[in-house]
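Notes to accompany the following structure.
Please treat every number below as a calculation from the coordinates, not as lab data. Quick caveat, the model's predicted, so the values are computed rather than measured. So basically every Cβ, Gly included, is an ideal-geometry build from the backbone, and we count neighbours across all protein chains shown.
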């Protein structure tokens, strides 16, 4: 907020804030001050996601049925208690740290979510403090799953985990439609588009794409700076960060109330 008040352009990490109210305030003030604002959804700048968007827009998938995504990370069940596991500092655990990336990709490729139902869970309930071996309670989720229906009737399935032992850091996205299915597998660093079954009973591969991970962050920074110089909008903006924050909060609300939540929940 101090940066915004000083009329400086901002490239901000995700999630924008530790709660929806603060994220909304950041977005509204950034718009009011007419500064350039971008949320660091880095995966938008990966070649497979860019390729996937082009394939969907030109109709290669056809009418979409499903969007399934998981982001699995191994933070080691024996690792120390860092800020990521403290609600007062992080707001949420896997829900706020990992799921924003796949939520943003879902919004980019499929559209807005209409309603959702989620479950948060903390599997590793205690972690040792960094400076000693005493145990401290973990008060955020380390695993979250939610199902969703988009406004265009597409079904969604999302999973984010900090305790996926042995997985390192892997993201997989599958989109299925009337013409073909698209798979982004960041563990392999590629994207594959599968066509419908042919007369011989086999599936053909329509398109492929490899990811150059070394260019992701520089591409994001380059886009941000160039758009400032050219006085253009800088997507993904704080609005995209705000809408993702809204979905995070809706999942949290669904988990607390044990029921479906309808979006939007802003100003409710």
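Couple of notes before you dig in:
- Separation of alpha-carbon centers, segment 111-174 and segment 3-70, rounded to whole Å: 20
- Normalised by the number of residues in the chain, the average gap of Cα pairs under 8 Å and 6 or more apart makes the relative contact order 27 percent.
- Note on residue 74 and residue 18: the extension gain reaches 17.9 nm, defined as 0.36 nm multiplied by sequence separation minus the Cα-Cα distance.
- Between residue 233 and residue 256, the modelled label-to-label distance comes to 3.1 nm, taking each label 7 Å out from Cα in the direction of the beta carbon.
- Here the peptides 97-107, 137-147 are ranked by packing, the mean other Cβ count within 10 Å, and the order with the highest first is 97-107, 137-147.
- Under the simplified labelling scheme, the residue 149-residue 137 pair shows an inter-label distance of 3.7 nm, with each label point 7 Å from Cα along Cα→Cβ.
- Largest-first principal axis extents of the Cα set of the chain (Å): 63, 46, 39
- Rg in Å to one decimal, and Dmax rounded to a whole Å, for segment 55-168 via C-alpha atoms: 16.7, 56
- In plain terms, the chain from residue 174 to residue 114 could stretch by 19.6 nm, reckoned as 0.36 nm per residue minus the Cα-Cα distance.
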